[in-house]
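For reference, the structure is listed below as structure tokens.
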Amino acid sequence: MEAHLNILSHAIAEKFTTTENDQAIFIEKKWYSASYVILLLFSLLWNSFLYFFYTALVIEQVSLAAYLFLMLLVIAGIWIFYAAICGLVNKTTIQADKHSVFVRHTPLPWTGQRTIPKQDIDQVYVVQQIHSNKGTTYIRYSVDLLTRYDQTITLLKGLDTLAEARFIEQKLDTFFATKDPQSNEMALSQQ
């Protein structure tokens, strides 16, 4: 049983790049998955269709309303393309030192970058997020912080397994030497 747990722990650790010393800990997770390749292909198809459709509208000289509607579709196409590229090349870095926890998404800009002062952190915990869509249920996990002001801050979301989320939680708990009153519990979020 212990050998199985060591193999599982090693497999989880391989999904992350971690560097730690007495001064700081760095946890990096690449975003890459095959779903981003599919999203990129879809965005290329979508944007190609819009290009030809837009060209036909210019030739036909249609109303301003049609152009404005098409611009919304172009904006959506550009956003889908950007999200796919980010998914293929980006990584999230969680850096904790004696003073703060930093969350950064690089090399391309993305939302969710933040800095949280260490003295504001009360607890690190895992949240199970359940999403349903057309009869299919998806479970993802996030690693959240509870501040001394009772504010919840999400450090990293969209993790595929509980083991991945627990890995990050335990690394941060160990670094900060925090006592986690919910160490074997998990918050539940349904969306």
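Before moving on, here are some points about what is shown:
- Dimensions in Å of the chain - Rg and Dmax from alpha carbons: 21.1, 71
- Neighbour-limited loop hits for chymotrypsin sites (Phe, Trp or Tyr not before Pro), segment 60-97 (at most 16 other Cβ within 10 Å; DSSP other than H, G, I, E, B): none
- Cβ-derived FRET efficiency at R0 25 Å, Thr111 paired with Tyr67, nearest 0.05: 0.30
- Segment 36-87: radius of gyration over Cα atoms, expressed as a fraction of 2.2 N^0.38 Å: 1.24
- Relative contact order for the chain, counting Cα pairs under 8 Å that sit 6 or more residues apart, in percent: 18
- For Leu155, the residues 5 or more places off, or on other chains, whose built amide H falls under 5 Å of its own are Val143, Asp144, Leu145.
- Rounded to 10°, Cα long-axis angle of helix 2-14 versus longest principal axis of the chain: 40
No lab work stands behind these numbers, since they all come straight from the coordinates. Because the structure is a prediction, the values reported are computed rather than measured. Glycine gets a Cβ as well: all are built from the backbone with ideal geometry, and neighbour counts include every protein chain shown.
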